Each structure stands twice: as C-alpha cells, then as structure tokens.
Amino acid sequence: MSRKIASHYALIDEELQPNIIIEVDDNGTITAIDHAVEIDNRAGVEFYPGILIPGLVNAHCHLELSYLHHAIAEQTGFAGFARAIGQVRGNYTLEERLRAASSADATMWSEGVAAVADIANDSLTLPIKGQSKIAYHTLFEVFGLATRSTDEHHRMAEQSTTSASVTPHSTYSLQDGIFRQICQTGDAPLSIHFLESDDELELYHHRGSLHEWYERMGWSCDFLHYGTPSKRIIESVPATRRVMLIHNCKATREDIAMMDAHFRSGVTWVVCPESNRYISGSHPPIELLRSMGCNIAIGTDSLASARSLSMLDNMRLIEGVPLAELLTWATLGGARALGMEHTLGSFAVGKRPGVVLIEGADLHTLSLLASTTTRRIL
Ligand SMILES: [Zn+2]
C-alpha cells in the first residue's frame, strides 16, 4: 500500500516548503511529491503537525564508545579527555559495551537517523550495525605513532557486515609512511579528525601540550616537516579522494581555501558542536565555513564526549543559521560525504531516504526550541 504523508512544512530542494504531500510505495521509495492546498484535511493523506525531513545522516560517530556515556567529566580539555578515556576504558564488561551500543543504535533509528559514518577500532559492534535498519559505513581507524601495519584494519573492513573502509585517525597520531599509504589506497571516503584544538598545529612548531606529552613519553614524529596539518593532508591525499574533515574548530580561512582548492571531488566539513562543547568549550567555525560555500555536515561524535547522539541537540547548538540550511547539513550534507546522496539525504522521486517528523518547532519563525523533538514516521 502506498502512503501519502504531509505536514505544515517539508524540506524540499533545501527549502522549507508548505503544502507538500510526499507519496511513498511499500518499500519507502518516493513515487511523487505534490503541491496541494488544504493538505491537513484530505482523504487518504496522513497529516502530522510539524516539519517533514528525510532521514538524518550522522556524519561522525563512534558507536563502540557508547558505554562511556557519563564516564568522563565535561570541559577537561583535549589532553585531559584523551587521558581520561585511557583510564576508564578497561572498567567495563563486553556485555555492557554491547548493550550500550545496541541501545544507542535503537535510539538513533527512532529519532530518525538513516545513515551513520561510524569510526571503529575493532569489530565488536559489527553484528549490531549489520542488523540495524540504519545504513552504516564503518571506517576502521588507524591510530598510534607506533602503528606500522594496516593489515588488521583491512582484514576487518573486508569481513565487515556493513560497507567499510580504512581511514587515518588524524594528522598528529600516525607516522608519515603509514598515513600516506592509507590515504593513497582505495577510493572510499576518508574521515580525518582535524584541527579540533590548537595543540594539533602547535605540534608542528614543537610546542603545546601534545608536543610536551610526546616528549615526555619519548615519542618522535617523522611528519613535522610538512609544516602544518593542512599541508600534510594536501601533500599526502590524492585530489580525487573524497574526504570528511572532522571538528575543524581551529581551521582558518587559509586552511579551508587550501583544502577546497586541492580536493576536486570535494571536502565535507563535519561539525560536532556538542562534542566540542563537552570536551573544551570550543566551537566549529560555522560562519567561516558558510561564507566560503563549504559542504557542511553534522556529526554527534561518541557518547564519551556527548550527552546524547541526538542530531537535533547538535543543531540546537548552532545559532544564527536558517533552519532549512541546518537541516540540509544534517541530511544531504552527510549523504554527499558518504556518496549516499543517490538514495538518501533528500526528498526526491526515486530516492528512499525515510520520512522524519520534527515536532514542537516554532512554525512561525521556523526555529528549533528546547522542547523540539524528532520522530521517525517511515
Ligand atoms: Zn571522533
């Protein structure tokens, strides 16, 4: 049976348009998008008060860290957070970790998430993601200055029950050879933690807390000759590679211009405002990214550094951006980053993006309120 679904507004062509009826078939594929009047009182039309959007795309998550919910204090700063994760990680059983991941997956689905770019360091959560109704792309993350091989990561990616690939963690946590090798192998999207704090740039100038930590541990870096994290990426990653840059809090106009000039297939600037608030109180450079016409997506990061995996909570932390634009980042922005825009991310005939209802928004000013929620309709 096909369904006709309508609301006060629907996100169509990156705008919030009134008087829209979305028709879907049994499989959830959109068969028609109609403009009509008096849609709240039509036979055969399900009318929901609020705003209809396609399924959300969470462009940065670490589902496997869900068991660390409330385990790490807020606002300890970048180095403090990294230290704290190391201290509490061993305190949980396998069962507790699996239960937390499973519950986080179920919550994301019910809140309307259709796809997730999920960072993983092991295979633990693969059975959960494989059975989930959410489309996961698992990025097996290579991490550690002493790491010399990616064989295990590639083996996990090949055996993955979700679509999967291998990615470097960041520009400060991998030596030169292995970073280049990962970036120059295959064509799946990369997801690189990027300029979350000043320490990442300072390291290249032999100062700052990351540099001091490495000195104390006796660890050396063979990649500092690149000069900056941005230059390292440009000189290591082919221009044709699709790349998601995560956080970007300290990215400057020069960094953004350099990346946009280099990557022909486009960079997605993924912002995780709740994680930034939680760890350090810093903010993603929203206005700068907007003014430079960047493809922006939204990620929740993990429950180790967020009170929730709610895309809506993250959107609420971004001020001064029109709701339609914000919702486009949270849907199409992430779908583009993952190469899933042909099926997900927007309402268009032939796509199967899911239908999500935003309830309790201010429909006069078209803005989110503290009490606004999202709920899956389809
Ligand atoms: Zn992350």
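The values are calculated or read from the model by the stated rules, or taken from the named source; none is laboratory data. Predicted model only: the values in this text are computed from it and were never measured. Neighbour counts run over all protein chains shown; Cβ positions are idealised from the backbone, glycine included.
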Subject >> Criterion: assigned by TED's automatic domain parsing to the domain that holds ASN121 and under 19 Å from the mean Cα position of the chain (by Cα) - qualifying residue of ALA71, ALA106 >> reply: ALA106
Subject >> Which numbered condition GLY218 fails, given (1) more than 16 Å from the ligand (Cβ to nearest atom); (2) in contact with a Ser or Thr (Cβ under 9 Å, 6 or more places away or on another chain); (3) at pLDDT 95 or above; (4) closer than 22 Å to GLN175 by Cβ >> reply: (2)
**OP:** For region 264-321, name all the residues that are surrounded by fewer than 17 Cβ atoms within 10 Å (Cβ to Cβ) and within 17 Å of LEU190 (Cα to Cα).
**Re:** ARG264, SER265, GLY266
Original post:
Taking region 322-338, which residues are within 15 Å of the chain's Cα centre (by Cα) and either surrounded by fewer than 19 Cβ atoms within 10 Å (Cβ to Cβ) or not aliphatic (A, V, I, L, M) (or both)?
Top reply: THR328, TRP329, THR331, GLY333, GLY334, ARG336
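Residue-wise test of (1) of a type in the set (Phe, Trp, Tyr); (2) closer than 12 Å to ALA79 by Cβ; (3) within 28 Å of the chain's Cα centre (by Cα).
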site: GLU202; (1), (2), (3): no, yes, yes
site: HIS206; (1), (2), (3): no, no, no
site: TYR214; (1), (2), (3): yes, yes, no
site: MET217; (1), (2), (3): no, no, no
site: ASP222; (1), (2), (3): no, no, no
site: GLY227; (1), (2), (3): no, no, yes
site: ILE233; (1), (2), (3): no, no, yes
site: SER236; (1), (2), (3): no, no, yes
site: ALA239; (1), (2), (3): no, no, yes
Original post:
Quick one: what pairs do we get from region 280-296, first residue farther than 16 Å from VAL243 by Cβ, second modelled with pLDDT of 95 or more and assigned to a loop (DSSP other than H, G, I, E, B), C-beta under 6 Å, 6+ apart or different chains?
Top reply: SER282/CYS249; PRO284/ASN248; PRO284/CYS249; PRO285/ALA251; ILE286/ILE318
Original post:
Can you tell which of ARG277, ARG316, ARG336 is assigned by TED's automatic domain parsing to the domain that holds GLY90, within 16 Å of the ligand (Cβ to nearest atom) and either at pLDDT 95 or above or among the hydroxyl-bearing types (Ser, Thr, Tyr) (or both)?
Top reply: ARG277
Original post:
Pick from region 29-60 the residues that are within 20 Å of ALA330 (Cα to Cα) and among the small types (Gly, Ala, Ser): which of them is farthest from the ligand (Cβ to nearest atom)?
Top reply: GLY50
Subject >> Conditions (1) away from the ligand (no atom under 16 Å from the Cβ); (2) in contact with a helix residue (DSSP H, G or I) (Cβ under 7 Å, 6 or more places away or on another chain); number of the one not met by LYS250 >> reply: (1)
**OP:** Can you tell me which residue among ALA32, ALA10 is closer than 30 Å to CYS272 by Cα, in a strand (DSSP E or B) and touching a residue at least 60 places away in the same chain (Cβ under 8 Å)?
**Re:** ALA10
**OP:** Give region 181-210 a look and list any residue that's more than 18 Å from PHE143 (Cβ to Cβ) and crowded, with 18+ Cβ neighbours inside 10 Å, or say none.
**Re:** LEU201, TYR204, GLY208
**OP:** Within region 214-228, identify whether any single residue is crowded, with 19+ Cβ neighbours inside 10 Å, assigned to a helix (DSSP H, G or I) and not aliphatic (A, V, I, L, M), and answer yes or no.
**Re:** no
Original post:
Across region 280-306, which residue is nearest to SER265 (Cα to Cα) among those that are over 16 Å from the mean Cα position of the chain (by Cα) and within 16 Å of the ligand (Cβ to nearest atom)?
Top reply: SER282
Original post:
Considering only residues of region 263-274 that are touching a residue at least 60 places away in the same chain (Cβ under 8 Å) and under 24 Å from GLU111 (Cα atoms), which is nearest to the ligand (Cβ to nearest atom)?
Top reply: CYS272
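Every residue, every condition in (1) surrounded by fewer than 17 Cβ atoms within 10 Å (Cβ to Cβ); (2) in a strand (DSSP E or B), yes or no:
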position	(1), (2)
MET340	no, no
LEU344	no, no
PHE347	no, no
GLY350	yes, no
PRO353	no, no
ILE358	no, yes
THR365	yes, no
SER371	yes, no
THR374	no, yes
**OP:** Within region 186-209, track down each residue that is more than 16 Å from the ligand (Cβ to nearest atom) and of a type outside the set (D, E, K, R).
**Re:** GLY186, ALA188, LEU201, LEU203, TYR204, HIS205, HIS206, GLY208, SER209
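Quick grid of which residues meet (1) touching a strand residue (DSSP E or B) at 6+ places or on another chain (Cβ under 9 Å); (2) aliphatic (A, V, I, L, M):
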site	(1), (2)
GLU46	yes, no
ILE51	yes, yes
PRO54	yes, no
HIS60	yes, no
LEU94	no, yes
ARG97	no, no
ASP105	yes, no
GLU111	yes, no
ALA117	yes, yes
